[in-house]
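The values are calculated or read from the model by the stated rules, or taken from the named source; none is laboratory data. Nothing here was measured: the structure is a model prediction, and the numbers come from that model. Don't worry about glycine lacking a Cβ; one is built from the backbone with ideal geometry, like all the others, and counts go over all protein chains shown. Each accessible area value is taken on the protein alone, full model and side chains, heavy atoms only, with ligands, DNA and RNA left out. Shrake-Rupley method; radii C 1.70, N 1.55, O 1.52, S 1.80 Å.
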Amino acid sequence: MSTLVAGGLVVNATGAVEADVLVVGERVAALLAPGFPVEADEVVDATGKYVIPGAVDAHTHMEMPFGGTFSADTFATGTTAAAWGGTTTIIDFAVQAKGASLLSTLDRWHAKADGNCAVDYGFHMIVSDVNDTSLKEMESCANAGVNTFKLFMAYPGVFYATDGEILRAMARSREIGATVMMHAENGIAIDQLVARALAEGRTAPVEHGLTRPPELEGEATSRAITLAAVTGCPLYVVHLSAAQALDAVGRARAEGRNVFAETCPQYLYLSLADLAKPGFEGAKYVASPPPRPAWHQAELWRGLRTNALSAVSTDHCPFCFAEQKELGRGDFSRIPNGIPGVEHRVDLLHQGVVRGEIGLARWVEICSTTPARLFGLHPRKGVVAPGADADLVVYDPNARQTISAATHHMNVDYSAYEGFELTGKVDVVLSRGRVVVDGSGFRGAVGHGRFLTRGPNEYLV
Ligand code: URP
Ligand code: ZN
Ligand code: ZN
């Protein structure tokens with residue numbers, strides 16, 4: 001089977017060129033001068049549109065256990081929504097329960113995802129129980145293609161790791177060539193602020209934001225960077241939301257350290273004011289870290305321009321407003337933490353191009369190329385080039401759309417971006433050479449997605 005994606009502007013992280021893309025089987029066979037005569041079974045007309053590498057979302061949570069419930073997207077629904085939005089690879093998190101082994105956890109996550117994904121997928125491992133067995137098993141995980149381990153400085157009693165445990169896990173990661181991903185919020189201090197707020201009868205969703213101040217993200221980020229320096233372990237800071245944390249990452253990177261960070265669309269577009277919406281509405285925006293006062297957004301865009309921030313992931317973690325967010329009515333600390341977004345990252349970041357915050361090539365870089373390179377998927381993913389997987393998005397930069405829960409494909413009853421009017425829209429999506437989304441709708445299949453064994457981080461020095 002061959003497909004010619006003809007007439008488009010091919011945009012890679014290195015720049016843009018007018019070219020036709022010939023796909024044979026599952027891979028890109030060639031980039032051809034526009035109109036170069038070639039036979040193909042199917043032609044996709046990309047005239048007036050961009051052709052970009054399928055986006056890589058390095059941070060999602062499908063079917064994630066949290067606060068007595070599970071995130072509402074299954075691997076099937078979540079990866080289908082991802083495809084609709086031009087994301088052709090996700091990296092989700094297997095979650096070690098206290099007392100469980102890492103390898104049995106990995107088996108459980110394979111059982112959930114294998115055969116149930118519409119796009120390709122990989123796993124990171126959340127280590128909630130740092131002990132001798134877990135530390136030993138980290139190497140087997142890495143050999144099984146899961147070489148990134150998330151630790152938490154937040155959520156005492158659940159995922160939280162002490163500084164000593166973090167130090168041990170980092171030293172082990174350094175030994176086996178793995179990277180530690182860090183949820184950097186000072187959970188011990190936050191728990192005190194939460195207890196005080198509840199004792200004083202402050203129970204509304206906005207308190208979630210007020211009890212997790214940006215300073216405590218900045219402090220934890222600095223501490224994580226210090227622990228990484230002491231151990232020589234590469235560090236990837238997840239869901240960075242605050243200027244204070246960005247400053248710490250920027251300084252470490254300026255010193256030439258192996259410190260990387262992502263932010264998420266919710267921190268670029270939402271703010272504490274959303275958490276403060278009347279009634280219980282703010283629960284829709286409860287995630288950790290919380291959306292910050294709006295001035296942080298300009299800092300994050302600056303970080304994206306200067307490469308202090310390497311990538312944008314969604315931290316897609318959907319909980320339905322009607323039944324799940326409801327668990328925290330009357331006590332904000334019980335609101336399941338997470339915001340849906342896997343479908344809209346590419347579109348939301350394209351607004352950065354439209355508004356002149358970032359260039360076209362940088363858009364591709366932060367949505368696709370850098371995540372692929374950081375997480376050992378490049379050059380198979382993240383680039384439109386001969387030999388790469390034919391994960392392609394034909395993107396119409398002039399189409400208009402309005403985000404709404406009534407039309408999105410994620411399995412969740414609200415959108416954090418309801419009513420956002422966007423310029424640009426995904427037109428056609430190919431996953432490993434197969435057209436999975438086009439004007440006629442979803443043409444892919446649950447089960448098409450394959451597990452990706454990931455290699456080393458390409459940026460390590
Ligand atoms: O609130 C969030 N971010 N939920 C997902 C879990 C995590 O910490 O990434
Ligand atoms: Zn986290
Ligand atoms: Zn997350």
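Does TYR121 meet the test of being open to solvent by 50 Å² or more (accessible area, probe 1.4 Å), touching a Phe, Trp or Tyr at 6+ places or on another chain (Cβ under 8 Å) and in contact (Cβ under 8 Å) with a residue 12 or more places away in the chain? No; evaluated as a whole, the condition is false for this residue. A Cβ distance below 9 Å, combined with a sequence gap of six or more or placement on separate chains, defines the contacts here; from segment 212-241, residues that are farther than 18 Å from ILE126 by Cα reach residues that are hydroxyl-bearing (Ser, Thr, Tyr) and more than 16 Å from ligand 3 (Cβ to nearest atom) in the pairs THR231/SER173.
Where strands (runs of 3 or more DSSP E) fall wholly inside segment 20-63, the ranges with 1 or more residues that are in contact (Cβ under 8 Å) with a residue 24 or more places away in the chain and over 18 Å from VAL383 (Cβ atoms) are 42-45, 55-60. Tallying residues that are open to solvent by less than 40 Å² (accessible area, probe 1.4 Å) and farther than 20 Å from LEU167 by Cα within segment 98-109 yields 4.
Just one of the numbered conditions (1) touching a residue at least 12 places away in the same chain (Cβ under 8 Å); (2) open to solvent by less than 50 Å² (accessible area, probe 1.4 Å); (3) closer than 28 Å to VAL43 by Cβ is not true of VAL412: (3).
Restricting attention to segment 319-357, the residues that are touching a strand residue (DSSP E or B) at 6+ places or on another chain (Cβ under 6 Å) and either β-branched (Val, Ile, Thr) or free of Cβ contacts under 8 Å to residues at least 24 places away in the same chain (or both) total 3.
For the residues GLY338, GLY352, GLY328, GLY356, the requirement of being within 30 Å of LEU198 (Cα to Cα), surrounded by fewer than 24 Cβ atoms within 10 Å (Cβ to Cβ) and either within 16 Å of ligand 3 (Cβ to nearest atom) or modelled with pLDDT of 95 or more (or both) singles out GLY328.
Looking across segment 428-461, the residues that are more than 27 Å from ASN143 (Cβ to Cβ) and open to solvent by less than 50 Å² (accessible area, probe 1.4 Å) come down to VAL428, VAL429, LEU430, GLY433, VAL435, VAL436, VAL437, ASP438, GLY441, GLY444, ALA445. Within segment 175-229, restricting attention to residues that are under 17 Å from LEU240 (Cα atoms) and charged (D, E, K, R), the residue that is most open to solvent (accessible area, probe 1.4 Å) is GLU215.
Evaluation of HIS208 against the conditions (1) touching a residue at least 60 places away in the same chain (Cβ under 8 Å); (2) away from ligand 1 (no atom under 16 Å from the Cβ); (3) within 30 Å of ILE403 (Cα to Cα) shows that the sole unmet condition is (2).
Applying the set (1) within 16 Å of ligand 1 (Cβ to nearest atom); (2) in contact with a strand residue (DSSP E or B) (Cβ under 8 Å, 6 or more places away or on another chain); (3) open to solvent by 60 Å² or more (accessible area, probe 1.4 Å) to PHE70 leaves exactly one unmet item: (2). In segment 9-19, the qualifying residues are those that are open to solvent by less than 60 Å² (accessible area, probe 1.4 Å) and not in a strand (DSSP E or B), and the one that is farthest from ligand 2 (Cβ to nearest atom) is ALA19. Scan segment 76-97 and tell me whether some residue there is under 19 Å from ARG345 (Cα atoms), outside any strand (DSSP E or B) and either in contact with a Lys or Arg (Cβ under 6 Å, 6 or more places away or on another chain) or open to solvent by 60 Å² or more (accessible area, probe 1.4 Å) (or both). Checked against the condition, which is being under 19 Å from ARG345 (Cα atoms), outside any strand (DSSP E or B) and either in contact with a Lys or Arg (Cβ under 6 Å, 6 or more places away or on another chain) or open to solvent by 60 Å² or more (accessible area, probe 1.4 Å) (or both), segment 76-97 yields at least one hit. Within segment 230-244, the set of residues being of a type in the set (S, T, N, Q), in contact with a Lys or Arg (Cβ under 9 Å, 6 or more places away or on another chain) and open to solvent by 10 Å² or more (accessible area, probe 1.4 Å) comprises THR231 only. Scoring PRO65 on the criteria (1) open to solvent by 10 Å² or more (accessible area, probe 1.4 Å); (2) away from ligand 1 (no atom under 16 Å from the Cβ) leaves a single failure, condition (2). Of the conditions (1) away from ligand 3 (no atom under 16 Å from the Cβ); (2) closer than 18 Å to ALA58 by Cβ, PRO205 clears all except one; give me its number. If we test PRO205 against (1) away from ligand 3 (no atom under 16 Å from the Cβ); (2) closer than 18 Å to ALA58 by Cβ, just (2) comes out false. Selection of first residues in segment 149-176 that are among the polar types (S, T, N, Q) and of second residues that are open to solvent by less than 40 Å² (accessible area, probe 1.4 Å), restricted to Cβ pairs under 8 Å at least 6 apart or on distinct chains, gives the following pairs, ordered by first then second residue: SER173/MET138; SER173/PHE149; SER173/THR179; SER173/VAL180; SER173/THR231; SER173/CYS233; SER173/PRO234. Counting only residues that are in a loop (DSSP other than H, G, I, E, B) and either among the hydroxyl-bearing types (Ser, Thr, Tyr) or surrounded by 24 or more Cβ atoms within 10 Å (Cβ to Cβ) (or both), segment 245-269 holds 1 of them.
Residues of segment 359-390 that are over 30 Å from ALA144 (Cβ atoms) and open to solvent by 10 Å² or more (accessible area, probe 1.4 Å): GLY359, LEU360, ALA361, ARG362. Residue count for segment 270-297 under the criterion of being part of a loop (DSSP other than H, G, I, E, B), in contact with a Leu (Cβ under 7 Å, 6 or more places away or on another chain) and more than 16 Å from ligand 3 (Cβ to nearest atom): the result is 2.
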